[in-house]
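These notes are about the structure you will find just below.
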Amino acid sequence: MSLLHQKRIVLVLMVAVGLCVGVGLVLYALSKNINLFYTPTQLVTETIAPNKTIRVGGMVEKGSLKHHDALAVEFTITDFKHQTTIQYRGIMPDLFKEGQGVVALGKVGPNGHFIAEQVLAKHDENYMPPEIANLKSEKT
Amino acid sequence: MIPEFGLFCLILALCFGLMVMAGGFNRSLAILQRPATFGMCAFIALGFIILVFGFLSDDFSVSYVAQNSNTQLPFMYKLCAVWGGHEGSLLLWVFILSLWTLGVTLISRAMPENIMRSLYAVLGAIHVGFLLLLLHTSNPFLRLLPSMPKEGADLNPLLQDPGFVMHPPFLYLGYVGFAIPFAFAMAAMLNPKESFSWAKWARPYALLAFSFLTVGISLGSWWAYYELGWGGWWFWDPVENASFMPWLVGAALVHALRVSSLKPIFNSWSLLLALCAFILSLVGTFLVRSGVLASVHAFASDPARGVFILYFLAVVMIGSFGLYIVHLQRRAAVSRLQFVSKESFILLGNIIFVSATATVLLGTLYPLIMEVLTNEKISVGSPYYSAVFVPIMMPLLLLMSFAPYTFWEQDSPKALFSRLLKPLLLCTGIIILVGYFAWLSLPAVSLAGVVLGILIVISSLFKLRGSLSFNKMGMIFAHFGLGVAVLGISLTTALETEKEVQLAVGSSVKVANYDIAFADLNEQEGPNYIAKQGHFVISHNNQPVANLYPEKRFFTARETMMTETAIDPGFLRDFYIALGERFHDGTWSVRIYIKPFVRWLWLGGIFVALGAFIAALTALQANYKRREA
């Protein structure tokens, strides 16, 4: 084997190793930063690690919205089988309405309530998070 | 009658498009290509004008107009409501494609005949694909007869905004503009025997498209910043990613084309980038238009459209990559690069750009892949991108600060260092100064960003010494702009203050060193909405600094509430106030931000776009001169 060949093999190996490490790191970062989506029923039936950030979605139950002091908000979402209470502190999006779909990002609290960091409401009447559109179509 | 004529125009354009395509297969038909291209462009333009006319004349018998307009809508927004929905924005896509095609047809005449033929055919084929999509799944001229509505459903209030008037056209000018380098690349690969420097011809168009895309993305980010009311300027939303990926590859492409337009090395690499830039634009179109991804931008979607775009995408990918593989098999021997040289640094930068694109693509498509494979619904949030994208881009920024100082072909590290000495000394001085004041207040990533930003800005400015060509000016502008944007991003993320409070009229709150008083609340009436307008006074040490008037608007036609934020823009900081909701006791929830250096972000974007634009004009002029000679 000539020196040139040896050099080339080392180069190719280095590139391959570098690529593997890079791809591995990216995939690791990805697996750490994905948020699974749950419906209220799945929250009841499946066990979820307490400190994992997840998304839950459903329709906001009519009459469930309660304002507490200092911008604390509490409301209930439903997938027409089970309910989940969501607690949030902050300003609700413009398009948040009772009876409509909503997705919240956050963690399950110790009392079984969902502590949301972010609440997303649908952005126009045509658009709905696909998960919620599925719920609606299952119901009808 | 007029809307039917519009539809007829599109059908005629399709026929012309087929003629243009046919010329690529049959030499005797090639003579028709040029006139047919003009015909195609003219009828698309006419179709577009007819749709605009439908909006301006409130023709609610046209379903698309009825869904996106209203008699009360101001004139300006009627105009931009044309691209407020799916059908119209596809028509805008095709219209802009025809503008680009017209530009190339008029400017680039002095090319070999065979190349010209293939170029027309490829562009014609893209037109045909999109016209078919338009006619097959999303006819903008569909009528609601005989029961036409008396009043339209109004444009989505989010989109009733000056930023939105310009955002989609610029974005599409960029997206679609990559069709031109793509067509040049295809023409070059289809005619391997012609000695044809495709890179020289494609470069100005790639630069122009890149420049427009930069403007489009900046406008989109600016619009999101003040319109969505959460003070964010980038969300790593799938649709944003869809425009960002062509931008990244486009940045790589304009650099690679710079090399391949001077010498034959990197030719294959540039070809691949030209293909990828346009294919990523198509992927973006697919992601946005099919609505497969949950996204802020997703509109009512129809699976047929997604499927059609997917087929089109498959045809384009198989065709172009297949041709590319054939091309690779006949390529010339690889020339060697010396490591310390401008070429090798550009290649390195290109590799980083492409890796960064790959991570964004992975993050965007991962939820789709997982849903197909495991039926689990997931989303990939911004932590992924900050963990992966940011570290990948940092070496690129470092590279950017010294690569412009290297010589072509060969250079020595020692000589490079001596050229870098002066700017480096200045940078060190500034960085020590910044570090002295801000060492503790900035997190590590932001600090790294600030250091890199300073390096880029200073090293670009130092390039202003010595002889200046327009081309070099373009480079300096663009690099300087990116440096400014990096500084803005790093500083605003690290230093912003956010506060959400409950305030009654007459009360006040302290945020950072500023007193913010809720002075007053008024009723306002707009053309198609009613609003509550707050008056906030911001003062510092009892000296008033700014008055802000945020609004809460109720749009009557759609019965939707919209927040209209109030911003006091400043070179060093923005004050940003958005009204939340009104509570029973008359108090309001209020969101207050103080965002230092946030303007630098868009300022940088403007510089990048301007730089690319200058370089594009010089490259066009150089091509023109070569034709004369």
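Values quoted throughout were computed directly from the atomic coordinates according to the rules given, and no laboratory measurement underlies them. What you see is a predicted model; the values in this text were computed from it and never measured. Ideal geometry is used to build each Cβ from the backbone, glycine not excepted, and the neighbour counts take in all protein chains shown.
The table that follows gives values for the structure above.
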{"quantity": "Extension reserve of the B:ARG626-B:ALA512 stretch, reckoned as 0.36 nm per residue once the Cα distance is removed", "calculated": "35.1 nm"}
{"quantity": "Label-point separation, B:PHE339 to A:GLU46 (7 Å along Cα→Cβ), nm", "calculated": "4.9 nm"}
{"quantity": "The stretch B:159-230 and the stretch B:1-53: distance between their alpha carbon centers, rounded to Å", "calculated": "23 Å"}
{"quantity": "The stretch B:396-461, relative contact order in percent, only Cα pairs under 8 angstrom and at least six apart counted", "calculated": "58 percent"}
{"quantity": "Percent of C-alpha pairs per 10 Å bin, the stretch B:159-291, short to long", "calculated": "13, 41, 28, 13, 4, 0"}
{"quantity": "Along principal axes, Cα extents of the stretch B:1-160, largest first, whole Å", "calculated": "55, 29, 20"}
{"quantity": "Loop sites in the stretch B:530-603: chymotrypsin sites (Phe, Trp or Tyr not before Pro), DSSP, at most 11 other Cβ within 10 Å", "calculated": "B:PHE571"}
{"quantity": "D_trans [Stokes-Einstein, Kirkwood Rh over alpha-carbon pairs] for chain B, 4 °C, 1.567 mPa s, µm² s⁻¹", "calculated": "49 µm²/s"}
{"quantity": "Phi to ³J(HN,Hα) by Karplus 6.51 cos²θ - 1.76 cosθ + 1.60 over the stretch A:33-38, Hz, x for Gly, Pro", "calculated": "10, 9, 10, 6, 9, 10"}
{"quantity": "Order of B:ASP58, A:ASP94, B:ASP520, B:ASP585 - criterion: other Cβ atoms within 10 Å of each residue's Cβ, fewest first", "calculated": "B:ASP585, B:ASP520, B:ASP58, A:ASP94"}
{"quantity": "Shielding by partners, peptide A:34-42 (average Cβ within 10 angstrom, other chains)", "calculated": "4"}
{"quantity": "Interchain or long-range residues, amide H under 5 Å from B:VAL545's placed H", "calculated": "B:ILE538, B:SER539, B:HIS540"}
{"quantity": "All-pairs alpha carbon distance profile, the stretch B:131-174, 10 Å steps from 0, percent", "calculated": "19, 29, 43, 9, 0"}
{"quantity": "Enclosed volume per residue, in Å³, of the convex hull spanned by Cα atoms of chain A", "calculated": "189 Å³"}
{"quantity": "Helical contribution to [θ] at 222 nm, DSSP H n ≥ 4, -39,500 (n - 2.57), averaged over chain B, rounded to 500", "calculated": "-22000 deg cm²/dmol"}
{"quantity": "Rounded FRET efficiency, nearest 0.05, which uses the C-beta distance separating B:LEU399 from A:GLU61 and R0 of 51 Å", "calculated": "0.40"}
{"quantity": "Rounded D (µm²/s) - the stretch B:497-597, Kirkwood Rh over Cα pairs, Stokes-Einstein at 10 °C, 1.306 mPa s", "calculated": "114 µm²/s"}
{"quantity": "Relative contact order (%) - criterion: Cα under 8 Å, at least six apart; region: chain B", "calculated": "12 percent"}
{"quantity": "For the stretch B:200-217, 3J(HN,Hα) per residue [Karplus equation, 6.51 cos²θ - 1.76 cosθ + 1.60, θ = phi - 60°, Hz, x = Gly/Pro]", "calculated": "4, 6, 7, 4, x, 5, 4, 5, 4, 4, 4, 4, 5, 5, 4, 4, x, 5"}
{"quantity": "Dimensionless Rg/Rh of the stretch B:404-495 - Kirkwood Rh, Rg from C-alpha atoms", "calculated": "1.03"}
{"quantity": "Label-point separation, A:GLN6 to A:HIS68 (7 Å along Cα→Cβ), nm", "calculated": "7.2 nm"}
{"quantity": "Residue-by-residue Karplus 3J(HN,Hα) for the stretch B:115-122, coefficients 6.51, -1.76, 1.60, Hz, glycine and proline x", "calculated": "4, 4, 4, 5, 4, 4, 4, 5"}
{"quantity": "Dipole magnitude (debye, nearest 20) for the stretch B:330-478, charges at Cβ of Lys, Arg, Asp, Glu", "calculated": "600 debye"}
{"quantity": "Set A:LYS107/B:LYS595; A:LYS32/A:LYS62; A:LYS32/B:LYS595; B:LYS150/B:LYS532; B:LYS78/B:LYS150; B:LYS342/B:LYS463 screened for pairs whose C-alpha atoms are more than 26 Å apart", "calculated": "A:LYS107/B:LYS595; A:LYS32/A:LYS62; A:LYS32/B:LYS595; B:LYS150/B:LYS532"}
{"quantity": "Positive-pole candidate from B:LEU365, B:GLN410, B:TYR77, dipole of the protein assembly as shown, charges at beta carbon", "calculated": "B:GLN410"}
{"quantity": "The stretch B:18-95: Rg to Rh, with Rh as the Kirkwood radius over Cα pairs", "calculated": "1.18"}
{"quantity": "Charge dipole of chain B about the Cα centre (unit charges at C-beta), most positive-ward option of B:LEU491, B:HIS540, B:ALA274", "calculated": "B:ALA274"}
{"quantity": "Per-residue mean of C-beta atoms belonging to partner chains within 10 Å, peptide A:24-31", "calculated": "5"}
{"quantity": "DSSP-assigned coil residues among GluC sites (Glu not before Pro) in the stretch B:360-446, each with at most 13 further Cβ atoms within 10 Å", "calculated": "B:GLU376, B:GLU409"}
{"quantity": "Relative exposure of B:ILE432, B:ILE489, judged by other C-beta atoms within 10 Å (fewest first)", "calculated": "B:ILE432, B:ILE489"}
{"quantity": "Hydrodynamic radius of the protein assembly as shown per Kirkwood, over alpha carbon pairs, in Å", "calculated": "28.3 Å"}
{"quantity": "Stretch gain in nm, segment B:LYS193-B:LEU461, where the contour uses 0.36 nm per residue and the Cα spacing is subtracted", "calculated": "92.1 nm"}
{"quantity": "Gain on full stretching of the segment that runs from B:PHE554 to B:LEU368 - 0.36 nm per residue minus C-alpha separation", "calculated": "63.4 nm"}
{"quantity": "Computed over chain A: relative contact order in percent, which uses C-alpha pairs under 8 Å that are six or more apart", "calculated": "19 percent"}
{"quantity": "Neighbour cut-off at most 13 other Cβ (10 Å), DSSP loop, trypsin sites (Lys or Arg not before Pro), the stretch A:18-59", "calculated": "A:LYS52"}
{"quantity": "Cα centre as origin, Lys/Arg/Asp/Glu Cβ charges: chain B dipole, Debye", "calculated": "2820 debye"}
{"quantity": "In nm, spacing of pseudo-spin labels at B:TRP408 and B:ALA42 (7 Å Cα→C-beta vector)", "calculated": "4.3 nm"}
{"quantity": "Label-zone membership for the stretch B:228-246, site B:SER386, 7 angstrom Cα→C-beta point, backbone N under 16 Å", "calculated": "B:231-237"}
